[in-house]
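Encoded as structure tokens, the structure appears first; notes follow it.
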Amino acid sequence: MGTSGRKKQKELWTFEQFQRVHSVPSGSVDGDGENPDIVVHAADRRLGIEITDICHETGDAGSPGMKAAGEREGVMNLLREELEASDVQPLNVSVHFN
């Protein structure tokens, strides 16, 4: 299995773990995509899920808590910029950090 196959397998495993602890609408699951990684086709809506690993740079950048908060804020800013620049209709976004 190539790198992309292992990556997709890890994304599907992560989604399965997410389903165990969060309410996800029932429907068919399409895990073949890349942007978003997973799409759940429910009766009344589609739910797109993007699974991203944050890579940490080495070095001293303050306390671990401050670093994690800064990374979360950076991810949210990138997501906001991407959505504002797209032609996507208004939507609800929920971000879960693990």
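Can you tell me how much longer the chain between residue 79 and residue 35 gets when fully stretched, taken as 0.36 nm per residue apart minus their C-alpha distance, in nm with one decimal?
14.6 nm
Please give the peptides 75-85, 11-21 ranked by average Cβ packing (other Cβ atoms within 10 Å per residue), highest first, as a rough proxy for protection.
Highest mean packing first, the order is 11-21, 75-85.
Straight-line reach only, C-alpha to C-alpha below 17 angstrom: list the aspartates and glutamates that residue 7 could link to, leaving out same-chain residues fewer than 8 apart.
16, 30, 32, 34, 37, 50, 53
Be a star and scan the stretch 25-39 for residues whose amide nitrogen sits under 11 Å from the point 7 Å along the Cα-to-Cβ vector of residue 7.
It comes to 34-35, nothing else.
FYI, it's all coordinate maths here, none of it is from the lab. Since the model is a prediction, treat every value here as computed from it, not as a measurement. As a convention, Cβ positions derive from the backbone with ideal geometry for all residues, glycine included, and neighbour counts pool all protein chains shown.
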